[in-house]
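The values are calculated or read from the model by the stated rules, or taken from the named source; none is laboratory data. The structure displayed is predicted, hence computed values, not measured ones. Cβ placement follows ideal geometry from the backbone for every residue including glycine, while neighbour counts extend to all protein chains displayed. We work out accessible area using only protein heavy atoms, side chains counted, and drop any ligands, DNA or RNA first. Shrake-Rupley method; radii C 1.70, N 1.55, O 1.52, S 1.80 Å.
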Amino acid sequence: MKKRVIIGMLLVLSLFMTACSSKDKSGEEGKVLKVAISEDTTTLEPNALNDDYAENILIQVYDTLVKRNAKGELVNSLAESIENPDPQTFKIKLRDGVKFSDGSPLTADDVIFTLQRAAGSEKFKSFYGKIDPNSYQKEDDLTFSFKLTEPDAAFLNSLSHPAVSIVSKAYVEGGADLATAPMGTGPFVLDEWVQNDHATFSVNENYWGDKPSIAGIEMKVIPEASQRIIELESGGVDLAYKIDPSEIPNIEENKDLTLYRKLDNSVHFIGFNMDKAPFDKKEAREAMVNAIDMKTIFETVYMNSGKLATSPINPNFKYSIADSLEANKVNKEKAKELFAAAGVGEGTNISIYTSDNTQRVNVATMMQAQLKEYGIGLNIERLEWGAFMDALKRKEHNMFIMSWNPSIVDAHYELFQPFHSSNKGQGPNFMYFGNDELDNLIKEGLSTVDDAKRAEIYKRAQELINQEYPWLYICYGETLVAANSRVEGLQLLPKYPQELKDVTLLEK
């Protein structure tokens, strides 16, 4: 385990005074929304995001040009309008009167600066690097345009990604460290982040939209799902994320609690390290798919919350072929033949790495029991999220358990980050998977604007991935959030991070 790191925030004086004035109001402590979260992130730098846990904080502090609402619709946020007169030209008009939390006005310069940072970043240049850096044209402080060097069918959707959370040019150029001290135009200000322990927020008094009715947010990192429920029932928190499905009946029977649930955009999976024996051989990967009884695991661990997965593209996404495929079934004889062909004999020991997530640990434990029938030992390595990510980057694992829920709702992003060869060693491609044909299909799908052609491209891509077995599918997930009777107004998003600005707290 990593030692707890206390990160001091480098807040400017005006931001500090705003936070203090909010906290000093009498009677406001009872209006602080307390949230139990499951895990924490390792950085708050938008251009280095690698997990949902960072977005859980950033979604409170920043705004993007567009965003997805609870209905799944792409709607304007900081953009008042976006014109797309041809596939490669975008003209954006910003909302008037928007300020950053330090009181400085939002201008086109800040948005252009944000896009340039993202385009120049190692992690997100593939998303935004198609912007011609010489094409930016400012009409006035709120209106500008740019061109792409080639068509990108997913680009408008990509403007909702937290990597392009709009930052202040002056703040960043003044030396601020966005990895620890984010500052945006969002409804809240981050006052303190103690990694792997808590994060506290106060209201952004300069927020351009309707002000939150709550006085602030306190997020508490509580890895154990059962402990999050205990905290909720005792009144220690008002909201609890990542509810264990086994708790669903108890929550529904408790008149003081409310369960929010929605089939989300995630794919839960077990990834094979294809750079390391035995899973460098396709036979070993296919053997594992045939050996593991995932249906029983899904029914036992997930209590049928969600849906058994069959494809890397979630059925909520356009172009998914998931609903036309059957889930994998156990074939013990085929598994034994394939294990033998891959040189995986009795007495073989392999490792599976997982984070501090109760469901994932339970999945690994059930796999451990099932593999004994084949004479295979499974060592379960359970780590705190940061240590887990470090281990995967060092290729310590044979297998790992993770989920993928892209922040951009487009089939391209369901495939690009997990499977494109350029992303080997970056989450979630800790399979170190790469395939030239798939790389070409992913590129072709992104540059194709014809709907029927895109559908055919992504169908072939999904089929190719399923033939290579980089993943053992678990399920398409379900967002499960529980609240006490004080909470009203939560509009559940189909993902782990939730916008909390519209939540209200009733008096105790």
| field | Debye intensity ratio I(q)/I(0), log10, the range 60-103, q values 0.19, 0.20, 0.30 Å⁻¹ (C-alpha model) | value | -0.71, -0.76, -1.10
| task | Pop the C-beta distance of A455 and L325 into the FRET formula with R0 = 22 Å and round what comes out to the nearest 0.05. | result | 0.90
| From the square roots a ≥ b ≥ c of the eigenvalues of the alpha-carbon gyration tensor of the range 49-148, which class results: rounded (a/c under 1.5), prolate (a/b over b/c), or oblate? | rounded
| Sulfur and carbon atoms: percent of accessible area, the range 134-248 [1.4 Å] | 43
| request: List the longest stretch of the chain that has no exposed loop site; here a site is one of the GluC sites (Glu not before Pro) assigned by DSSP to anything other than H, G, I, E or B, with at most 10 other Cβ within 10 Å. | output: 123-325
| message | Using Stokes-Einstein with the Kirkwood hydrodynamic radius over Cα pairs, what translational diffusion coefficient do you get for the range 90-234 at 4 °C and a viscosity of 1.567 mPa s, in µm²/s rounded to a whole number? | response | 74
| task | At most 10 other Cβ atoms within 10 Å and a DSSP loop assignment: could you name the trypsin sites (Lys or Arg not before Pro) in the range 336-399 that fit? | result | R394
| Spin-label model distance (nm) - L156 vs Q227, 7 Å beyond Cα toward Cβ | 4.6
| Just how many % of Cα pairs in the range 229-377 lie over 20 Å apart, if you round to the nearest whole percent? | 58
| Within the accessible area of the range 287-401 (1.4 Å probe), percent carbon and sulfur | 45
| Accessible surface, 1.4 Å probe, highest first, among residues Y260, Y207 | Y260, Y207
| note | Taking a ≥ b ≥ c as the square roots of the eigenvalues of the Cα gyration tensor, with a/c under 1.5 meaning rounded and otherwise prolate when a/b exceeds b/c and oblate if not, the range 373-432 is prolate
| Exactly which trypsin sites (Lys or Arg not before Pro) in the range 62-169 are in a DSSP loop and have at most 16 other Cβ atoms within 10 Å? | K71
| What whole-number value in Å² describes the accessible area per residue of the chain for a 1.4 Å probe? | 39
| remark: Largest first and rounded to whole Å, the semi-axes √(5λ) derived from the alpha carbon gyration tensor of the range 356-508 read 31, 27, 14
| Hey, which of these cross-link pairs are over 30 Å Cα-Cα: K262/K508; K67/K138; K318/K395? | K318/K395
| query | Rg and Dmax of the range 408-451 over Cα atoms: what are they, in angstrom? | reply | 10.5, 32
| task | Rounding to the nearest 20 debye, state how big the charge dipole of the chain is about its Cα centre with +1 on each Lys and Arg Cβ and -1 on each Asp and Glu Cβ. | result | 600
| More than 39 angstrom apart: percent of Cα pairs within the chain | 25
